[in-house]
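The values are calculated or read from the model by the stated rules, or taken from the named source; none is laboratory data. Bear in mind the structure is a predicted one, so any value in this text is a computation, not a measurement. Note that each Cβ is placed from the backbone with ideal geometry, even for glycine, and that neighbours are counted across all protein chains shown. Side chains included, ligands, DNA and RNA excluded: accessible areas come from the protein's heavy atoms. Shrake-Rupley method; radii C 1.70, N 1.55, O 1.52, S 1.80 Å.
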Amino acid sequence: MEIEFPNGKNLRLLIGDITKIRVDAMVNAANSALAGGGGVDGAIHRAGGSAIMRDLDVIRQQQGGCPTGSAVATTAGSLPAQYVFHAVGPIYRDGRQGEAENLASCYSTCLKLAEERGARSVSFPSISTGAYGYPMEEAARIALRTIGEQLREQDAGVREVLLVLYDQGSYDVHSRAAQALFADRIK
Ligand code: ADP
């Protein structure tokens, strides 16, 4: 599914493995220790190689880790990208611990990092919806709304955002949310 924004910018939803798709900046769903883990984090480190962890070691020495809702940039190693942005999503408890704000902040922070680094295409996984337990319908609305706001606002920079869903069920949830939010923009 493709959603069009002014000035030829677009948001695409697709099913796949994020590590296989060529972009300028690939977003990882990391943890606040930047320690590496399972899920998409494990896949990114496996496919990208040890150069990514070496960059993260330096960041850990400088600033300890990364707070929830924020992100740090590293090399993409052997991944088909220039950068990996490691975003720390919220662990979902009851929805009253700032989860929505922190999840939105992951997406907006990564798009700001992309602007700063001149990345024109950015891919995101569905942050926090695996091990971190965020209900996917709600996470999808937050992700799409935040990406949409940024694509509408920015007059230069990021041209294409890919939301890479790992399976058909995740894709269906996100495409329903996109139809509700962007009915008139779907191509
Ligand atoms: P979190 O800890 O933020 O919940 P996870 O990696 O456990 O992160 O899951 C986030 C989402 O990423 C889940 O919806 C999961 O299905 C998906 N996912 C896992 N591996 C990949 C991959 N290789 N490419 C894209 N998405 C993936």
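Sorted from greatest to least, the principal axis extents spanned by the alpha carbons of the chain come out as 47, 37, 28 Å.
Heavy-atom accessible surface of the chain, averaged per residue, reaches 45 Å², computed with a 1.4 Å probe. The residue list GLY89, GLY36, MET53 was ranked by how far each Cα lies along the charge dipole of the chain toward its positive end, using unit charges on Cβ atoms, and MET53 comes out on top. Annotation: amide H of THR129 within the under-5 Å range of TYR134, sequence separation 5 or more or interchain, hydrogens built in the peptide plane. Note on ARG93 and ASP172: the model spin-label points, each 7 Å out from Cα along the C-beta direction, lie 3.3 nm apart.
Net charge within 11 Å of LEU103 by Cβ-Cβ distance, Lys/Arg positive one each and Asp/Glu negative one each, not counting LEU103 itself? Local charge sum for LEU103: -1.
Counting 0.36 nm for each residue step from GLN179 to ALA131 and taking away their Cα separation leaves a gain of 14.6 nm. Each stretch of four or more DSSP H residues adds -39500 (n - 2.57); spread over every residue of the chain, this sum gives -13500 deg cm²/dmol at 222 nm.
For LYS187, a cut-off of 13 angstrom between C-alpha atoms picks up these aspartates and glutamates, skipping any fewer than 8 places away in its own chain: GLU2, GLU4. FRET efficiency for the pair GLU116 and ARG46, taken as 1/(1 + (r/R0)^6) with r the Cβ-Cβ distance and R0 = 35 Å, rounds to 0.80. Relative contact order of the chain, taken over Cα pairs closer than 8 Å and 6 or more residues apart, is 31 percent. In plain terms, the bigger the Kirkwood radius, the slower the diffusion; for segment 79-180, with that radius from Cα pairs, at 4 °C and 1.567 mPa s, Stokes-Einstein puts D at 92 µm²/s.
How much net charge surrounds ARG141 when only other residues with a Cβ under 15 Å from its Cβ are counted (Lys, Arg +1; Asp, Glu -1)? Net charge in that neighbourhood comes out at -4. Computed over segment 83-187, relative contact order equals 30 percent, with contacts defined as Cα pairs under 8 Å that lie 6+ residues apart.
Between 0 and 90 degrees, the angle of helix 136-153 with respect to the longest Cα principal axis of the chain falls at about 80 degrees. Measuring nothing but how far apart in sequence close Cα pairs (under 8 Å, 6+ apart) lie, relative to its length, segment 64-109 scores a relative contact order of 41 percent.
The phi torsions of segment 127-133, fed into the Karplus equation with coefficients 6.51, -1.76 and 1.60 and a -60° offset, translate into couplings of 4, 6, 8, x, 4, 7, x Hz, rounded to whole numbers, with Gly and Pro shown as x. For the chain, the fraction of 1.4 Å probe accessible surface lying on carbon and sulfur atoms is 45 percent.
Shape of segment 32-73 from its Cα gyration tensor (a ≥ b ≥ c, root eigenvalues): rounded if a/c is under 1.5, otherwise prolate when a/b > b/c, or oblate? Oblate, because a/c is 1.5 or more while a/b does not exceed b/c. Near ALA35, once Lys and Arg are set to +1 and Asp and Glu to -1 for all other residues with Cβ below 14 Å from its Cβ, the sum equals -1. Beta-bridge orientation, segment 21-139: approximately 40 percent antiparallel, per DSSP, counting only bridges with both partners inside. Between ASN7 and GLN82, the simple spin-label model (points 7 angstrom out along Cα→Cβ) gives 1.7 nm.
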